[in-house]
1. Taking the Cα centroid of region 115-145 and of region 174-232, what is the distance between the two, rounded to the nearest whole Å?
2. Full extension from Arg114 to Thr222: what is 0.36 nm times the residue separation minus their Cα-Cα distance, to one decimal in nm?
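Only the coordinates and a few stated rules stand behind these numbers; no lab work does. Bear in mind the structure is a predicted one, so any value in this text is a computation, not a measurement.
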Amino acid sequence: MARKVQAKSRKKSALKTRQWKHWLKPSLLLVSVMAPVAGLGLLVLWMSNPLQWPVRTVQVQGQFRYLQPEVLRAEVEPLSATGFFVMEVSEIQEHVQQLPWVDQVSVRRVWPDRLDIDVVEQRPVARWGTQGFLNRRAEVFVPSASEDLSGLMVLDGPDGYQERVLAMSVRLQRLLQPLQLTALRLDARRAWSMQLGNGLVLEIGRKEPEQRVARFVRAYPTILAAGKQELQRVDLRYSNGFAVRWRPAEQG
């Protein structure tokens, strides 16, 4: 009888042991999973603390004529104040790219506490309209403040025609040498007109602008020799000649 009681007791003990092991394995697995997750969470919190990982230096590099590095740094510092690991480099790059005189920009983190910004400044090749400028790719940019760029050629035309107008200005300037082209305009009817450095205005029209200008250049010395006053305007919109207007003589 005693043996039966002992055997029954051992069975109950073995059953409890199996039950305890049954719950122990998932618990250990849960602990083994949660411990790294908790550690990773603490690591993320530590890395995201700007006091632990501040950006101490914002380095701006490039050859500047119109941009000021200190202004660029002031623009970027609020975005980099979140800390070395948390700051959004793509957001900073997009923000700098929107500044008026910035053509291209590259932004990168440099371990352990520096932000490098490489900037290519816009190089205006002509004015566009009354406020804008064109770069070499015929892209329009509008500075926040007017710069003293009075020596640039003035171009104008319908929106979307910037590349065409810029290309035409290059071709016409070659034809006009040694005269200087200072302004070229394409109006809403797609008719061309231009102004030279001496103030002379040429009405070119819609058809064959280069051929008409070339014909004018060949006849220019003869036109000058035919009059005593200064030329004011020449209309090239004729198939076999020009209409010439002379500047009125000053009253003595």
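1. The distance from the Cα centre of region 115-145 to that of region 174-232 comes to 28 Å.
2. Working: separation 108, 0.36 × 108 = 38.88 nm, distance 6.71 nm.
Gain on extension, Arg114 to Thr222, equals 32.2 nm.
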